[in-house]
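Please treat every number below as a calculation from the coordinates, not as lab data. Just so you know, these numbers come straight off a predicted model, no measurement behind them. A quick note on method: Cβ atoms are made from the backbone with ideal geometry, for glycine too, and the neighbour counts reach across all protein chains shown.
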Amino acid sequence: MENLNRKKVAILATNGFEESELREPKRALEEAGADVDIISLQPGEIKSWADGDWGKKYQVDKTLNEVTQDDYNALVLPGGVINPDLLRREEKAIDFVRSFFDHHKPVAAICHAPWLLAEAGVLKGREVTSFSSIKTDIINAGANWRDEEVVVDSGLVTSRKPDDLPAFNSKLVEEVYEGKHEEQTV
């Protein structure tokens, strides 16, 4: 297993995130030795979505007003429908996401989270997957969409759904371990 000691990872989420898509990557990163912060729009708690209804609440570690990409080695974006739809309307959230690409740091997005990547304008020419219902949005953002459990492209890790979490988490840990990536050429 990769040793992620001294690596810091941000998970950007708000109310309505798919619980397993935050809980499982966070656990995998922490088990590999990383420090993980849940970043959100407001302090306090955010509510997960699980099994078709509201689930557990998770404590926010820091708000977007308190952090920059300089504080982290990588970014994780959990899905769910509500969470990325709310976040993609927030300029600070989109700027935060884009800044990881600007600095060639690993980013992992699962399920509906690639909506944030489309909004940030970082998908052109990239190999990406997502939940099937947003396939057209991802293609329209310039990505080459693939129906695979996990797709890695120059530090960008994407997966389709909670069933893909084992492969997603494995590649996420690997990409965080490897660190910065060269700028993608199209």
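Brief remarks on what is shown
- Based on Cα contacts under 8 Å between residues 6+ apart, the chain shows a relative contact order of 21 percent.
- Taken about its Cα centre, the chain carries a charge dipole of about 220 debye when Lys and Arg each add +1 at the Cβ and Asp and Glu each add -1 at the Cβ.
- Computed per residue of the chain from DSSP H runs no shorter than four, each worth -39500 (n - 2.57), the mean residue ellipticity at 222 nm is -9000 deg cm²/dmol.
- The range 124-186 and the range 2-42: distance between their alpha carbon centers, rounded to Å: 17
- Packing-based ranking, highest mean first, of 78-87, 107-116 given that Cβ atoms within 10 Å are counted: 107-116, 78-87
- Label-point separation, residue 6 to residue 170 (7 Å along Cα→Cβ), nm: 2.9
- Bridge type composition, the chain - antiparallel percent by DSSP, nearest 5: 30
- Cα gyration tensor category, rounded, prolate or oblate, for the range 83-186 with a/c compared to 1.5: rounded
- Cα-Cα P(r), the chain, percent of pairs per 10 Å interval: 11, 43, 39, 7, 0
- Spin-label zone in the range 11-42 - amide nitrogen under 16 Å from a point set 7 Å from the Cα of residue 62 along the C-beta vector: 11-13, 34-42
- Candidates 170, 133, 159: whichever shows maximal mean-square fluctuation once the chain is modelled as a Gaussian network with Cα springs under 10 Å: 133
- Spacing of the modelled spin labels on residue 139 and residue 45, each 7 Å from Cα toward Cβ, amounts to 4.2 nm.
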